[in-house]
Amino acid sequence: MTPTKMLIATLAIVVVFVSMNGFFTIEEGENALVLRLGKMVGSTKTDSPRIYRPGLHAKIPFVDQVRVFDTRMQQLTTSTLKPLTVVTKEQTYLVVEYFAKWRIDNLAKFYTSMGGSVSRAADTVLEPRINDIVRTEYGKRTSDQAISTDRANMMAAIKAQATHIGKEQGIVVLDVQIQQITLPKDVMDSVFKRMETERKQFAEAKRAEGMEKSEEVRALADQKVTVIRAEAIKQAAAIRAQGDKQAAEIYAHAYSADPHFYAFYRSMEAYVKSFRNKHDVLVLKPEGQFFNYFHTDSHMSAAAKK
Amino acid sequence: MAWNKPGDGEDPNPWGGGKNNAGPPDLDKIFSQIFNKLRQLLRFKPVTTTGWQRPESQGYGVGLGMCALAIFVLWVLAGFYIVNPAEQAVVLRWGKFTAVQNPGLHWMARFIETKTLVDVQKVYSFSLTGEFLTKSSEQSDLPNQISISNKPSVTSNAGAIADGTDKSKNLVNVELNIQYRISDPRAYLYNVANPDSTIQDVTAGALSDAIGKMKLDDVLTVGREWLNSSVEDQLRQVLASYNTGLEIVAVTLRRVQAPDQVRAAFNDVNRADQDRATYIQQAQAYASKVVPLARGEAARISADATGYQQKVMLTAQADVAKFEALLNVYKVSPDVTRERMFMDAMQTILQNTSKVLVDLNASSNLLYLPIEKMIPSLKPSASFPMATSQEQTNTVEVQS
């Protein structure tokens, strides 16, 4: 055939291939730099390197290298492997977990200082410095202030200082949030112990209060009972006394009609009732009115006397 | 090689060597025949062997055109796509964002545009559990103002001692559930790296923050609602400031309780509460039993007294009536009545008792009187019951 045609065909394929390498796309959420022979391609307007935004761009095929960077908001989190221990003003140890939100601000600076590595940036630049800031702020406050009363101010202070980090590396820190504050293990145990004892005392106090109130109620009831009973006894005594008095009056009134006869009558009754069984022994002389007629000649003489 | 001129009459077959040809097959001929075959397949017109023939433009163009048309049609067909009702599609052209497409049928230019389908209605959910530090407590913080007279004798943790205010740290165990969905697909995909773990970390921060502001007993009892809404507010605020493209659907506080290590002690407080109520109830039951009983007793005492009063009076009246009847009789015949009464009485007495008659003068010798021997039924004890009523009277008469 014709070598020319073959040559043209081959050339056409090569041209297509090369020109495909001359275009590149940048996706949303990314930006890029182009390196030409080791140097960054500059923007035509200013002296700083050109930032390639999302879209289609052209470059010199094979000569230019494209470096793509994730420009989304990144997160640095303290890991559980290297927890951050801080000391508060009153020498309490706290274990703090936080995260920081940051973004690449200046691509050129980021590339030159960090080699474009996001993880390197986090490890070498952000984490040590933010750790320092956090430690310092905790050190200024007591643990109570840090956890509760002054927490908002502390967070604002941390965040304010953190935003100044990373400017030379083309990084901007957008936010720092404390995720979790815990206590070192041995302190935890003593806190639990204290909590437990506090609750136990509280429970005891409640029970004691219950018993105290219970005793009060019972004592009050007992007191009432005593009063009621005493009142009743008093009134009963009065009634009985009243009865006795009335009876005595009846007796007196009746008996005073003839006191002598009453004396006699009552004496007789008393004698009969007093000496009434075989165990009572009377040692008598056969004298007196009963034995009036006891002796042989007395009844004669007594009758004669009448 | 030249065609035979017409009229020669010789064989025009190029392959045949003819009578004249005895040499090897002509390579040129073979190759051009192959090319012609190929061109026939592609519907090209065969070229002559004399050299370049300019290809016929129509055939060439038709073939190419048909090819290109086919590819184009395929490309157009491939560009259609459907966005499901719960989804949205984020479309990029050459990597750059162009639009967010709603559910329905859409078309995009393949290889130039790319789409990412995002489910914007599905609700994602995660739970966060952990122990959080609350606001430090002081003595006066115990609920119901129960004041414990002695300060806790435990060792507070090291920090509190130097603090000087004797505040104590507390931990509470909390489980929180967050439900969220993607509200802005573009932001979700391209604004924040790893938005799903971001929302979890922000939630932890918001929870830690909110609990740190509250006292332990508030967290356990009355403060749950405040905690819930506080976490929700902060969560929304922070997420909005990050522009994650995520929207909070619900924040639910699932469980708030004392840490496992101290749960028993905390439960005991509830039991102590019940015990307290029980003690008081029991005391009240006692009171409501004992007081009415006492009243009953009082009534009985009173009734007894009244009964006594009545009895005494009636007895008096009966006695008096008896006396007065006798008095009337006495008044009529005093001597006889007196005598009769005296004799009756004496008879009764002497009938019932043991007697020793001593018929002596007062100034005689000492008399030995062994009464126990003389009256065998006599018992020394004065309180012996008088059940024995003997017919016989033991009478001993001593005459000297």
Just need the relative contact order of region A:139-238 here, percent rounded to a whole number, with Cα pairs under 8 Å and 6+ apart. 13
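Lys and Arg at +1, Asp and Glu at -1: add these up for the other residues within a Cβ distance under 12 Å of residue B:266 and post the number.
Values: positive: A:199, A:200, B:263, B:271; negative: A:196, A:198, B:217, B:260, B:268, B:273.
Charge balance in the 12 Å sphere: -2.
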Can you compute the FRET efficiency between residue A:16 and residue A:108 using 1/(1 + (r/R0)^6), with r the Cβ-Cβ distance and R0 = 35 Å? Round to the nearest 0.05. 0.60
I'd like the Karplus ³J(HN,Hα) series for region B:319-334: coefficients 6.51, -1.76, 1.60, θ = phi - 60°, whole numbers in Hz, and an x wherever there's a Gly or Pro. 4, 5, 4, 4, 4, 5, 4, 5, 4, 4, 4, 4, 4, 5, 9, x
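Hey, any idea what Rg/Rh is for chain A, computing Rh the Kirkwood way over Cα pairs? Please list the in-between numbers first.
Working: Rg = 60.4 Å, Rh = 32.3 Å.
Rounded to two decimals, Rg/Rh equals 1.87.
Please give the total accessible area that chains B and A bury against each other, computed with a 1.4 Å probe and expressed in Å² to the nearest 100. Working shown, then result.
Values: alone 29940 and 22550 Å², together 41340 Å².
Its buried surface, counting both partners, is about 11200 Å².
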If the label point is 7 Å along Cα→Cβ of residue B:96, which residues in region A:3-28 have backbone nitrogen under 14 Å from it? A:24-28
Note, region A:71-78: 3J(HN,Hα) by Karplus (6.51, -1.76, 1.60, θ = phi - 60°), whole Hz, Gly/Pro = x, goes 9, 6, 5, 9, 10, 10, 10, 5
In nm, give the distance between the simple-model label positions of residue B:325 and residue A:36, each being 7 Å from the Cα along the Cα-to-Cβ direction. 15.8
Among residues other than residue A:30 whose Cβ falls under 13 Å from its Cβ, what is the net charge (Lys/Arg +1, Asp/Glu -1)? +2
Run the quick spin-label model on residue A:237 and residue A:260: label points 7 Å from Cα toward the beta carbon, then report their separation in nm to one decimal. 4.2
Quick check: pseudo-label points 7 Å beyond the Cα along Cα→Cβ at residue A:79 and residue B:224, how many nm apart are they? 3.9
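What does the extension gain come out to for residue B:196 and residue B:336, with contour length at 0.36 nm per residue minus their alpha carbon separation? Walk me through the intermediate numbers first.
Values: separation 140, 0.36 × 140 = 50.40 nm, distance 13.32 nm.
Here the answer is 37.1 nm.
Let me confirm one metric for peptide A:51-57, namely the mean number of other chain beta-carbon atoms within 10 Å of its residues' beta-carbons. Could you put the intermediate results ahead of the total?
Working: counts 0, 0, 2, 7, 6, 5, 2.
Average per residue, whole number: 3.
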Computed accessible area, residue A:93, all protein chains, 1.4 angstrom probe, square angstrom: 120
Using 14 Å as the cut-off for backbone N distance, which residues of region B:107-124 belong to the label zone defined by a point 7 Å from the Cα of residue B:84 along Cα→Cβ? B:117-123
Go through B:372, B:138 and list them by solvent-accessible area, largest first, probe radius 1.4 Å. B:372, B:138
Quick check: the angle from helix A:3-21's long axis to the longest principal axis of chain A, C-alpha only, nearest 10 degrees? 30
Based on the alpha carbon coordinates of region A:1-137, what radius of gyration and maximum Cα-Cα distance (Dmax) apply, in Å? 23.4, 94
State, as an integer percentage, the relative contact order of chain A based on alpha-carbon contacts under 8 Å between residues 6 or more apart. 12
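Can you give the accessible area per residue of region A:168-306, in Å², using a 1.4 Å probe?
Working: 8060 Å² over 139 residues.
Dividing the accessible area of region A:168-306 by its residue count gives 58 Å².
Nearest 0.05, what FRET efficiency do residue A:185 and residue A:211 give at R0 = 60 Å with Cβ-Cβ as r?
0.95
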Rounded to the nearest 0.05, what FRET efficiency do residue A:132 and residue B:273 have when you use their Cβ-Cβ distance and R0 = 56 Å? 0.70
When the helices in chain A are scored as -39500 (n - 2.57) per DSSP H run of 4 or longer and the sum is shared across all residues, what 222 nm value do you end up with, to the nearest 500 deg cm²/dmol? -16500 deg cm²/dmol
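The values are calculated or read from the model by the stated rules, or taken from the named source; none is laboratory data. Here the structure is a predicted model, which means the values were calculated and not measured. For neighbour counting, all protein chains shown are included, and Cβ atoms are generated from backbone atoms with ideal geometry for every residue, glycine included. We work out accessible area using only protein heavy atoms, side chains counted, and drop any ligands, DNA or RNA first. Shrake-Rupley method; radii C 1.70, N 1.55, O 1.52, S 1.80 Å.
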